[in-house]
1. Which residues, taken from the range 28-41, are among the small types (Gly, Ala, Ser) and either under 9 Å from the mean Cα position of the chain (by Cα) or part of a strand (DSSP E or B) (or both)?
2. Kindly indicate the residue of the range 1-19 that is surrounded by 12 or more Cβ atoms within 10 Å (Cβ to Cβ) and either over 13 Å from the mean Cα position of the chain (by Cα) or not in a helix (DSSP H, G or I) (or both) and also modelled with the lowest pLDDT among those meeting that condition.
3. List the pairs whose first member sits in the range 15-28 and is free of Cβ contacts under 8 Å to residues at least 60 places away in the same chain, whose second member is in a helix (DSSP H, G or I) and open to solvent by 60 Å² or more (accessible area, probe 1.4 Å), and whose Cβ atoms are under 8 Å apart, counting only residues at least 6 apart or on separate chains?
4. Quick check, is Gly38 surrounded by fewer than 16 Cβ atoms within 10 Å (Cβ to Cβ), in contact with a strand residue (DSSP E or B) (Cβ under 8 Å, 6 or more places away or on another chain), touching a residue at least 40 places away in the same chain (Cβ under 8 Å) and closer than 13 Å to Gly82 by Cα?
5. Starting from residues that are charged (D, E, K, R) and closer than 17 Å to Asp11 by Cβ, keep the ones in the range 41-87 and report whichever is surrounded by the most Cβ atoms within 10 Å (Cβ to Cβ).
6. Go through the range 42-82 and report how many residues are in contact (Cβ under 8 Å) with a residue 12 or more places away in the chain and assigned to a strand (DSSP E or B).
Amino acid sequence: MMKALDDYALDGNAIGGLLIEVFGTEMTTAVGTCASCGAVSQVAELAVYMPGLGTVVRCRTCGSVLMTFVQIRGLTCVDLLGLASLT
């Protein structure tokens, strides 16, 4: 499944500005651990999809969803449940 999605994937640098808005600091060099497969990588190396309804960040190893960002009425809703850690 990931091969077809990879054609549309950006790297984590594409959401650098969004991450600064949400976390208040530069996060593309932060290290995340996938809760599904345990893969460890910098946010800048993750697969990012921006289809228009929101932003989805996936693990490049197993394809699991790590983070989602959706803007609703001027607020950014964040789901980080796919991450075991983010440091």
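The values are calculated or read from the model by the stated rules, or taken from the named source; none is laboratory data. The model shown is predicted, which means the values in this text are computed figures rather than measured ones. Glycine gets a Cβ as well: all are built from the backbone with ideal geometry, and neighbour counts include every protein chain shown. When the accessible area is computed, the model is the full protein with side chains, heavy atoms only, and any ligands, DNA or RNA have been set aside. Shrake-Rupley method; radii C 1.70, N 1.55, O 1.52, S 1.80 Å.
1. Listed by number, the residues that qualify are Gly32, Ser41.
2. Within the range 1-19, the match that is modelled with the lowest pLDDT is Met2.
3. What qualifies is Glu26/Ile20; Met27/Ile20; Thr28/Asn13.
4. The answer is yes for Gly38.
5. Among them, the one singled out is Arg58.
6. 18
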